[in-house]
Amino acid sequence: MLPLQFKDGTDRNTLGLDGTETYDVVGDIAPGCDLALVVTRSNGEKLDIAVTCRLDTADEVTVYSSGGVLQRFAQDFLAK
């Protein structure tokens, strides 16, 4: 799961999120970068929301991109 943070002044209540939505993340993942969160409501309405990626180091991005800690260690092990 990609950790994201809403920008100041925005939260699930101000956006009216109720858990029935689907979410897509748009942008290239890098430490602390800004990304777009595309929220699609059950009625088809879409919201584009600016969020901050809370992967704070290059190592965290590598682990996330590998599919998690276990997958990352397995890749390192198999590479040896």
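Before moving on, here are some points about what is shown:
- Lone unmet requirement of (1) hydroxyl-bearing (Ser, Thr, Tyr); (2) more than 14 Å from the chain's Cα centre (by Cα); (3) under 17 Å from Tyr23 (Cβ atoms) for Ser66: (3)
- The set of residues in the stretch 10-22 that are on the phi < 0 side of the Ramachandran plot and surrounded by fewer than 13 Cβ atoms within 10 Å (Cβ to Cβ) comprises Asp11, Arg12, Asn13, Thr14, Asp18, Thr20, Thr22.
- Taken together, the residues in the stretch 58-80 that are over 11 Å from Ile29 (Cα atoms) and surrounded by fewer than 15 Cβ atoms within 10 Å (Cβ to Cβ) amount to 14.
- Residue count, the stretch 23-38 (criterion: under 16 Å from Met1 (Cβ atoms) and either surrounded by 12 or more Cβ atoms within 10 Å (Cβ to Cβ) or in contact with a Lys or Arg (Cβ under 6 Å, 6 or more places away or on another chain) (or both)): 5
- Condition met for Lys7 (charged (D, E, K, R), surrounded by fewer than 13 Cβ atoms within 10 Å (Cβ to Cβ) and without any contact (Cβ under 8 Å) to a residue 24 or more places away in the chain): no
- Helices (runs of 4 or more DSSP H) wholly inside the stretch 6-80 that include at least 2 residues being at pLDDT 95 or above and in contact with a strand residue (DSSP E or B) (Cβ under 9 Å, 6 or more places away or on another chain): 12-15
- Matching entry among Leu37, Leu15 (being over 15 Å from the mean Cα position of the chain (by Cα) and hydrophobic (A, V, I, L, M, F, W, C)): Leu15
The values are calculated or read from the model by the stated rules, or taken from the named source; none is laboratory data. Every value quoted in this text rests on a predicted model; they were computed, and no experiment measured them. Cβ atoms come from the backbone with ideal geometry, glycine included; neighbour counts cover every protein chain shown.
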